[in-house]
């Protein structure tokens with residue numbers, strides 16, 4: 001069996017080994033996602049709160065960004081949690 005797409009190869013190897021495909025994708029836990037800035041700040045006192053897009057792009061927006069809290073699908077999260085889940089700051 002020849003698999004041309006390397007991502008499919010990794011997923012196929014994981015599935016064949018008994019691992020779920022979700023094990024290969026970094027994701028924020030639902031417990032780390034908040035609807036308000038205040039709730040996120042209570043979860044991470046002293047840490048920065050960012051707006052995560054919760055999309056495949058794994059991007060988050062800082063409070064200085066015009067997209068902070070504005071994208072269609074997103075949540076407020078601690079920056080440290082976002083970084084640990086493989087997210088990165090938006091370039092703009």
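Since every read-out is calculated from the coordinates, none of them should be taken as a lab result. Treat the numbers as computed from the prediction; the structure is a model and nothing was measured.
Each Cα pair under 8 Å and six or more residues apart adds its separation to the average, and for region 39-92 the resulting relative contact order is 39 percent.
Using only the Cα atoms of region 27-89, build the gyration tensor, take square roots of its eigenvalues as a ≥ b ≥ c, and label the shape rounded, prolate or oblate: rounded if a/c is under 1.5, else prolate if a/b is larger than b/c, else oblate. Rounded is the answer for region 27-89, as its axis ratio a/c remains below 1.5.
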